[in-house]
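A quick write-up on the structure given underneath.
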Amino acid sequence: MKPHPAITHRYGSEKEKAAFVRTLFDAGAPYYDGVTGWGFLGTGKAYRRMAQNRAGVTPGMKVLDCAAGTGVMAEAAMRLGVKAADILCSDVSPEMLEVAKKKLSVRTLVASADSLPLKDEQFDFVTMGYALRHVESLESTFAEYFRVLRSGGRVLILEITVPENRFARACFRLYFRDIYPALTRIFTGSRAACDMMRYYWETMEAVVPPESILELLRSTGFAEVRRNVVGGVFSEYTARKAG
């Protein structure tokens, strides 16, 4: 299953998506931390830390942060006591990972979440922050998470879900589709950063419903599959590899 239909005004076909996403985030990497910081009113880092704490991230764990970007999820794990040496950040964007490496001194790997060049059963926890929309195959991604986790290991996937309420949905669309990208262009002077945030909205609007994500996690073999919703829009998908 694709996380969303092809966004054809961005790339012509699904085969072109991976290259488009890599180029988009490479160009936006210098601006990402600043843009996402003020765009979520400075709450993003604290929320990621709290979400990982709820999910059970603790010191001593080996953590794989998939689609790590600039390492914001990895930084949150470190604030919970996980050592930098115990974290591997993977992403398709080398430029994003370069920012993460400079900030956090973590190990990095240029790789797609749905095709990880890693040995089986290496990690206690897999995290992914707001990037499930950018993979090519949900089944392959979840199968890879299951494969690299040790028995009893857990996964936490954070996503933003467009509200169902009509008024809330309209306000949400106005901010993420129109205001946020426009302010990004004004504050950064970068068209690349603006395009990155416009694409952010386009994928949020088109992504498959939460029920599909939960069902795919179950069909992959995960147990204790749950979705916790915070503030009506922040979805925390958690699951455990039984054994």
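Between ARG191 and ARG150, take the C-beta separation as r, use R0 = 41 Å, and let me know the FRET efficiency to the nearest 0.05. The calculated FRET efficiency here is 0.40. Can you pick out the pairs among LYS119/LYS241; LYS2/LYS101; LYS2/LYS62; LYS15/LYS101 whose Cα atoms lie more than 26 Å from each other? Checking Cα-Cα distances, LYS2/LYS101; LYS2/LYS62; LYS15/LYS101 exceed 26 Å.
The stretch between LEU174 and ALA206 holds 10.0 nm of extra length on full extension. This uses 0.36 nm per residue minus the Cα-Cα distance. Around the amide H of ASP114, modelled in the peptide plane, lie the amide H atoms of GLU136, all under 5 Å away and 5 or more residues distant in sequence or on another chain.
Placing unit charges on each Cβ (+1 for Lys and Arg, -1 for Asp and Glu) gives the stretch 1-138 a dipole about its Cα centre, and among ALA67, PHE40, GLY56 the Cα reaching farthest toward its positive end belongs to PHE40. How big is the dipole moment of the stretch 167-243 about its Cα centre under a simple scheme where the beta carbon of each Lys and Arg is +1, that of each Asp and Glu is -1, and everything else is neutral? Debye, nearest 20, please. Result for the stretch 167-243 is approximately 100 debye, rounded to the nearest 20. In plain terms, the chain from ALA182 to ARG166 could stretch by 3.4 nm, reckoned as 0.36 nm per residue minus the Cα-Cα distance. Considered as an equivalent ellipsoid built on the Cα gyration tensor, the stretch 12-140 has semi-axes of 22, 18, 13 Å, the largest given first. Take every pair of alpha-carbon atoms less than 8 Å apart whose residues are at least six positions apart; their mean separation over the length of the stretch 75-131 yields a relative contact order of 30 percent. Per the Cα gyration tensor, the chain maps to an equivalent ellipsoid with semi-axes of 26, 20, 18 Å, ordered largest to smallest.
Radius of gyration over Kirkwood radius for the stretch 43-111, both on Cα atoms: the Rg/Rh ratio is 0.94. Using alpha carbons only, what's the Rg to Rh ratio of the stretch 150-212 with Rh from Kirkwood? Rounded to two decimals, Rg over Rh is 1.12. For the chain, the mean residue ellipticity at 222 nm estimated from helices alone is -14000 deg cm²/dmol, where every DSSP H run of n ≥ 4 contributes -39500 (n - 2.57) and the total is divided by all residues, rounded to the nearest 500. The residues ASP195, ASP178, ASP65, when put in order of fewest to most other Cβ atoms within 10 Å, stand as ASP178, ASP195, ASP65.
Restricting to Cα pairs below 8 Å that are 6+ residues apart, what does the relative contact order work out to for the chain? Please round to a whole percent. The value is 20 percent. Residues whose amide H lies under 5 Å from that of LEU80, counting only those 5 or more places away or on a different chain, are absent; hydrogens are built 1.01 Å from N in the peptide plane.
Relative contact order of the stretch 1-110, taken over Cα pairs closer than 8 Å and 6 or more residues apart, is 24 percent.
Ordered by the count of other Cβ atoms within 10 Å of each Cβ, fewest first, SER93, SER105, SER235, SER151 give SER151, SER105, SER235, SER93. Footprinting exposure proxy ranking of LYS62, LYS103, fewest other C-beta atoms within 10 angstrom first, gives LYS103, LYS62. For the listed peptides 126-135, 166-175, 112-121, a ranking on the average number of other beta carbons within 10 Å per residue, highest first, reads 126-135, 112-121, 166-175. Cα-based radius of gyration for the stretch 109-243, normalised by 2.2 N^0.38 Å, reads 1.17.
Each reported figure results from applying straightforward, stated rules to the coordinates on display, with no laboratory input. Remember, it's a predicted structure, so these values are computed and weren't measured experimentally. Here Cβ is always computed from backbone atoms with ideal geometry, including for glycine, and neighbour counts include all displayed protein chains.
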